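The values are calculated or read from the model by the stated rules, or taken from the named source; none is laboratory data. As the structure is a prediction and not an experimental result, all values here were calculated from the model. Methodologically, a virtual Cβ is constructed for each residue, glycine included, from the backbone with ideal geometry; neighbour enumeration extends over all protein chains shown.
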Amino acid sequence: MATKQKSDLQSIETALEDYVFYWNNSDMDSWGKLFTHDVDYINRNGGWWKNNKDNIAGHKQIHKVLIEMGQPKTFSLEIKKTEFLNPEVAVVQAWSEWPGFKTSNSEDQTKTLKGIMTCIFVKLQGQWLIKTLHNTLRTKGEE
């Protein structure tokens, strides 16, 4: 892998590390800086935000509920595949896990929520940003 591509790969990995950090801290304003202004974000329930303003606002509402439910700050991502389509576009697939996710307001009903995220990153003015993200749940047997 060329040095430039290694640097780009590291920048994308750092962006996803920041994604997790901001997510777990419910900092949707900082989290929103990881996306293009015209992002397409499809959440695990099929909600579709077609710009970053709506993406941030929608996720602020989601995080309000998550905080009210006392959801743990244990969300994580593991990059499974990165493919550069050209020097300024990359497709990334990552597995997500959220151990201890409360299935209701009852503290004793939890599970590990597992998902798959597909992100299309674009390099704009030297910064890798998420242009498209599709998040879906994965079933138990998909390892």
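Computed quantities for the displayed model
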item	result
Failed item, numbered, when Gln71 is tested on (1) assigned to a loop (DSSP other than H, G, I, E, B); (2) over 19 Å from Tyr22 (Cα atoms)	(2)
Candidate set from segment 83-117 (those that are touching a Phe, Trp or Tyr at 6+ places or on another chain (Cβ under 8 Å), surrounded by 15 or more Cβ atoms within 10 Å (Cβ to Cβ) and charged (D, E, K, R)); member that is farthest from Gln127 (Cα to Cα)	Lys114
All positions within segment 26-57 that are under 24 Å from Thr74 (Cα atoms) and in contact (Cβ under 8 Å) with a residue 40 or more places away in the chain	Ser26, Leu34, Phe35, Tyr41, Ile42, Asn43, Arg44
Matching residues in segment 25-59 - criterion: being assigned to a helix (DSSP H, G or I) and surrounded by fewer than 16 Cβ atoms within 10 Å (Cβ to Cβ)	Asp29, Ser30, Lys53, Asp54, Ala57
Only one of Glu83, Glu97 that is modelled with pLDDT of 95 or more, touching a Gly at 6+ places or on another chain (Cβ under 9 Å), not in a helix (DSSP H, G or I) and not small (Gly, Ala, Ser)	Glu97
Condition check for Thr82: touching a Lys or Arg at 6+ places or on another chain (Cβ under 6 Å) and either polar (S, T, N, Q) or over 30 Å from Ala2 (Cα atoms) (or both)	no
First in segment 1-22 and more than 17 Å from Pro87 (Cβ to Cβ), second anywhere and surrounded by fewer than 13 Cβ atoms within 10 Å (Cβ to Cβ) and of a type in the set (Lys, Arg), Cβ under 9 Å, 6 or more apart	none
